[in-house]
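Right, one structure below, let's go through it.
FYI, it's all coordinate maths here, none of it is from the lab. Not measured: the values here are computed from a predicted model. Cβ atoms come from the backbone with ideal geometry, glycine included; neighbour counts cover every protein chain shown.
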Ligand SMILES: Nc1nc2c(c(=O)[nH]1)N[C@H]1C(S)=C(S)[C@@H](COP(=O)(O)OP(=O)(O)OC[C@H]3O[C@@H](n4cnc5c(=O)[nH]c(N)nc54)[C@H](O)[C@@H]3O)O[C@H]1N2
Ligand SMILES: Nc1nc2c(c(=O)[nH]1)N[C@H]1C(S)=C(S)[C@@H](COP(=O)(O)OP(=O)(O)OC[C@H]3O[C@@H](n4cnc5c(=O)[nH]c(N)nc54)[C@H](O)[C@@H]3O)O[C@H]1N2
Ligand code: SF4
Ligand SMILES: [Mo]
């Protein structure tokens with residue numbers, strides 16, 4: 001067979017800070033072939049992760065959903081009947097209408113997340129939510145502690161252009177397993193080492209593939225990053241490596257910080273972090289003596305109950321050294337605030353009403369099991385529309401989540417590409433298209449580009465884009481005459497690109513991407529930080545800090561915010577520390593071949609990841625008489641999860657690491673890893689503490 005191959009240009013839609021510019025082989029048969037990173041994009045630079053390079057396996061997967069399904073037997077029983085789109089949408093509209101008649105419109109909870117990062121397909125659900133006055137979602141599951149901590153220091157979520165790494169002599173990769181979760185960070189870092197001998201420092205709680213490539217690896221105890229940051233700054237002040245001129249001009253609270261840190265030196269931090277005094281001193285001297293140190297701050301070290309404080313504490317270091325003044329010096333967590341995208345019409349925000357209740361995405365278990373506090377003063381949730389997320393697998397307090405979804409008085413619609421564990425518990429399942437099959441646009445998280453993702457191939461017969469479901473429900477619910485509705489994806493895309501001063505969508509497609517990098521002075525906050533006083537805050541008022549997202553006041557945090565203090569400090573009192581009954585601290589880190597709950601359906605990823613494992617230190621394993629490969633149970637008050645032991649000195653004594661969110665059913669007792677994770681919100685602005693969890697371990 002001699003097929004000709006065309007190349008289609010698009011962007012990766014997945015929930016990953018890299019948002020790679022892609023080149024997709026399109027075969028005569030209408031299928032896709034290999035996927036490659038665009039060489040011409042200066043951030044992607046021709047490099048993408050292996051799981052997306054083999055995307056044909058996911059798009060042309062035999063298990064893809066192709067027909068609307070209506071449940072026939074009991075919830076979760078697996079009996080479905082196939083139905084046509086029209087009758088299924090009629091049924092959904094009728095059931096949503098009935099639910100609202102009985103309990104008021106807030107009983108309907110549209111639940112979504114970032115399975116696609118497309119600004120049309122992901123966010124259109126808000127247009128319908130606003131028009132119908134359905135409950136709002138407080139998006140807390142991923143970014144909140146990180147963004148809030150960053151915002152507390154800088155006043156905005158933006159920082160260095162990632163390509164500036166090539167002008168850095170030290171690159172600190174803190175709390176992100178870049179090799180697994182954002183390969184391009186690693187690519188730029190290792191290239192810089194080749195180009196100019198830059199030193200790479202990696203800070204993590206276990207010996208990741210990223211740490212193995214580091215010149216200096218700092219392995220610490222989970223949740224102890226703020227203590228490390230304090231000790232580093234203590235050394236900087238002590239040894240004359242603090243830039244006092246810079247602090248006087250650009251920061252608030254430096255004198256109080258210096259005094260506060262007097263008692264928080266390396267001797268204090270060593271037992272807290274598990275690092276040696278020498279390691280802490282060496283790291284402090286390295287960044288203190290290298291002005292152009294690039295702090296690439298990830299999410300992982302913020303997924304604990306002190307997460308916002310940890311992020312802020314790490315971010316304080318370049319403000320003490322004055323790194324921000326030079327090329328290649330400063331910090332980057334994300335660049336969310338530089339893009340100036342106006343999606344108000346797509347989201348229908350003109351009809352947003354602050355009096356409508358918010359429900360915390362991470363507390364879906366408590367919400368669906370009718371916890372009055374989690375319901376935030378409103379009616380029970382009795383109807384849901386779910387797009388781009390798999391909460392039965394990824395949300396904390398899994399036992400409650402499952403129990404909630406099994407309620408007979410809850411009507412659940414899941415729009416999905418695969419029969420996920422959330423779809424299995426639905427009343428109606430709708431088949432969804434994939435990114436190469438629909439039009440959309442994306443923006444970078446860890447870089448500065450906006451990238452179009454036009455439709456490249458036809459979907460199989462059956463799956464429809466999210467946009468279709470939103471529009472067809474709007475029509476049936478009588479709101480399709482409102483602003484923003486009744487348009488095609490292309491019309492909405494034109495509206496979005498034109499409102500965002502990017503020209504028409506076709507023009508953006510023609511260019512392949514638009515680079516929205518800001519000027520050096522802005523990126524380095526040399527015209528002032530983004531707080532009203534223009535200063536970096538060493539001493540944030542946590543009661544007044546959030547990440548720009550509403551509601552500013554988070555539910556369920558009464559009395560918690562005060563416990564954060566003001567100046568950076570160790571957050572031990574906030575953590576779920578080990579105790580006599582639960583002597584281990586569990587970290588649920590990402591797997592390289594899965595992306596959250598996605599790719600667990602592809603055979604290659606499954607084969608590479610093998611089975612759900614827990615990495616145990618040799619000493620802990622010997623103590624528990626556990627051998628390599630043994631089935632072991634991890635448990636706490638929330639439940640029990642079965643995994644297989646991997647014994648290696650990759651983590652400290654007392655730390656256990658489970659990589660990947662495996663399907664719940666991949667675990668021998670059917671309980672997934674999130675059975676063990678708590679859903680209590682992280683102060684001051686919500687979040688889920690996926691890497692802050694105490695467990696007992698027993699050999700089975
Ligand atoms: N392959 C793959 N890629 C992904 C994902 C995936 O699941 N798999 N998920 C995507 C998503 S949604 C996101 S938000 C990003 C997140 O990507 P990252 O920013 O990398 O964050 P995490 O994946 O939460 O964790 C990263 C690292 O933090 C470490 N860590 C945990 N606790 C601590 C701590 O207390 N201190 C320190 N210093 N380190 C700690 C973990 O061991 C892990 O190695 O990645 C995206 N990319
Ligand atoms: N234990 C533990 N749990 C975690 C984490 C952790 O580190 N540890 N990380 C957390 C984080 S950071 C996040 S962001 C969450 C994410 O968790 P999820 O939101 O579940 O993330 P994804 O796997 O990216 O995407 C979910 C689903 O979106 C579907 N999807 C993709 N594109 C489309 C589309 O165009 N239309 C429709 N209708 N569906 C689509 C995919 O098929 C997939 O099943 O998980 C969290 N859970
Ligand atoms: S690295 Fe991230 S953005 Fe790039 S292709 Fe892989 S999943 Fe997509
Ligand atoms: Mo995430």
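Quick one: if you stick a label point 7 Å off each Cα along the C-beta vector at residue 611 and residue 34, how many nm between them?
Placing both labels 7 Å beyond Cα along the Cβ direction yields 3.4 nm.
Against the longest alpha carbon principal axis of the chain, how many degrees, from 0 to 90 and to the nearest 10, is the axis of helix 307-321 turned?
The answer is roughly 50 degrees.
Considering only DSSP beta bridges with both partners in segment 364-493, what is the antiparallel share in %, to the nearest 5? Don't skip to the end; give the middle numbers.
Working: 4 of 14 bridges.
So the antiparallel bridges in segment 364-493 amount to around 30 percent.
Sorted by average packing, counted as other Cβ atoms within 10 angstrom per residue and highest first, what order do 693-699, 518-524, 430-436 take?
Numbers: 693-699: 19.3, 518-524: 14.6, 430-436: 24.6.
Answer by packing, highest mean first, reads 430-436, 693-699, 518-524.
Could you order peptides 479-485, 204-210 by the average number of other Cβ atoms within 10 Å of their residues, highest first?
Values: 479-485: 16.7, 204-210: 23.0.
Per-residue mean Cβ counts within 10 Å order the peptides as 204-210, 479-485.
Length gain on complete extension for the stretch residue 344 to residue 544, per 0.36 nm per residue less the alpha carbon to alpha carbon distance? Mind dumping the intermediate values first?
Values: separation 200, 0.36 × 200 = 72.00 nm, distance 2.56 nm.
Extra length available between residue 344 and residue 544 comes to 69.4 nm.
Subtract the Cα-Cα distance of residue 3 and residue 191 from 0.36 nm times their separation in residues, and report this length gain in nm to one decimal.
On the way: separation 188, 0.36 × 188 = 67.68 nm, distance 3.64 nm.
Between residue 3 and residue 191, full extension yields 64.0 nm more.
Kindly list the residues of segment 410-424 that lie in the label zone of residue 370, defined by a backbone N under 11 Å from the point 7 Å along the Cα-to-C-beta vector.
Counting backbone N atoms under 11 Å from the label point, the list is 410.
Among 82, 489, 601, rank each residue by its count of other Cβ atoms within 10 Å, from fewest to most, as a rough exposure measure. Mind dumping the intermediate values first?
Working: 82 11, 489 24, 601 19.
Going from sparsest to densest Cβ surroundings: 82, 601, 489.
Can you check how the C-alpha radius of gyration of segment 296-410 compares to 2.2 N^0.38 Å, as a plain ratio?
Details: Rg = 19.8 Å, N = 115, 2.2 N^0.38 = 13.4 Å.
The value comes to 1.48.
So what is the relative contact order of segment 584-699, in percent, for Cα pairs below 8 Å that sit 6 or more residues apart?
On the way: 242 pairs, mean separation 42.2, N = 116.
Dividing the mean separation by the residue count of segment 584-699 yields 36 percent.
Multiply the residue gap between residue 212 and residue 277 by 0.36 nm, knock off their C-alpha separation, and tell me the result in nm, one decimal place.
Gain in length upon complete extension: 21.3 nm.
If each residue's Cβ is checked for other Cβ atoms within 10 Å, how do 492, 65 rank with the fewest at the top? Before the final figure, lay out the partial values.
Numbers: 492 26, 65 21.
The most exposed by this proxy come first: 65, 492.
Would you mind checking the tilt of helix 277-289 against the longest principal axis of the Cα atoms of the chain, expressed as 0 to 90 degrees and rounded to 10?
It is inclined by approximately 80 degrees.
Counting only C-alpha contacts under 8 Å and six or more residues apart, can you give the relative contact order of segment 5-59 as a whole percent?
Working: 91 pairs, mean separation 14.4, N = 55.
Across segment 5-59, relative contact order equals 26 percent.
Rounded, prolate or oblate: pick one for segment 468-538, where a ≥ b ≥ c are the square roots of the eigenvalues of its C-alpha gyration tensor, a/c under 1.5 means rounded, and failing that, prolate if a/b is larger than b/c, else oblate. Walk me through the intermediate numbers first.
Working: a/c = 4.35, a/b = 1.91, b/c = 2.27.
Since a/c reaches 1.5 but b/c is at least a/b, the shape of segment 468-538 is classed as oblate.
Using the Cα gyration tensor of segment 248-305, with a ≥ b ≥ c the square roots of its eigenvalues, what is the shape: rounded (a/c below 1.5), prolate (a/b larger than b/c) or oblate (neither)?
Values: a/c = 1.26, a/b = 1.15, b/c = 1.10.
It is rounded, given that a/c, with a ≥ b ≥ c, falls under 1.5.
Which value, in nm² and rounded to one decimal, describes the direction-averaged projected area of the C-alpha convex hull of the chain?
On the way: hull surface 116.2 nm².
The Cα convex hull of the chain, projected and averaged over all directions, gives 29.0 nm².
Which order results if 174, 80 are arranged by neighbouring Cβ count within 10 Å, fewest first?
Numbers: 174 25, 80 18.
So the ranking, lowest neighbour count to highest, is 80, 174.
With an 8 Å cut-off on Cα pairs and a minimum separation of 6 or more residues, tell me the relative contact order of the chain in percent. Show your work: numbers first, answer last.
Values: 1640 pairs, mean separation 134.5, N = 700.
After rounding, I find 19 percent.
Kindly express, to the nearest 10 degrees and within the range 0 to 90, the angle between helix 225-238's C-alpha long axis and the longest C-alpha principal axis of the chain.
Tilt of helix 225-238: around 30 degrees.
Between residue 98 and residue 133, take the C-beta separation as r, use R0 = 22 Å, and let me know the FRET efficiency to the nearest 0.05. Write out the running numbers ahead of the final one.
Working: r = 16 Å, r/R0 = 0.72.
Here the calculated transfer efficiency is 0.90.
Across bins of 10 angstrom width beginning at 0, how are the C-alpha pair distances of segment 5-59 distributed, in whole percent?
Once binned at 10 Å, the Cα pair distances of segment 5-59 give 27, 57, 16, 0.
Modelled label-to-label distance, residue 669 and residue 263, 7 Å Cα→beta-carbon offset: nm?
Result for the modelled spin labels: 4.3 nm.
Sorting check: for 661-667, 348-354, which peptide has the highest mean count of neighbouring beta carbons within 10 Å, and how do the rest follow? Each step should come with its number before you reach the end.
Numbers: 661-667: 19.9, 348-354: 14.0.
So the order, starting with the most tightly packed, is 661-667, 348-354.
With both bridge residues required to lie in the chain, what share of the DSSP beta bridges run antiparallel, to the nearest 5%?
Values: 39 of 83 bridges.
Given both bridge residues lie in the chain, the antiparallel proportion sits at roughly 45 percent.
Taking the Cβ-Cβ separation of residue 70 and residue 506 as r and a Förster radius of 35 Å, what is the calculated FRET efficiency to the nearest 0.05?
About 0.35, to the nearest 0.05.
In terms of the ratio Rg/(2.2 N^0.38 Å) built on C-alpha atoms, what value belongs to segment 505-651? The partial results should precede the final answer.
Details: Rg = 23.2 Å, N = 147, 2.2 N^0.38 = 14.7 Å.
Against the empirical 2.2 N^0.38 Å value, I get 1.58 for segment 505-651.
Which value, in Å to one decimal place, does the Kirkwood hydrodynamic radius take for segment 138-233 when every pair of different Cα atoms is included?
That comes to 14.6 Å for segment 138-233.
For segment 265-347, I need the span (max minus min coordinate) of the C-alpha atoms along each principal axis, in Å, sorted largest to smallest.
For segment 265-347, the Cα spread along each principal axis is 55, 33, 15 Å.
If one computes P(r) from the Cα atoms of segment 603-700, what percent of pairs lie at distances over 16 Å? Walk me through the intermediate numbers first.
On the way: 2706 of 4753 pairs.
Here the tail beyond 16 Å accounts for 57 percent of pairs.
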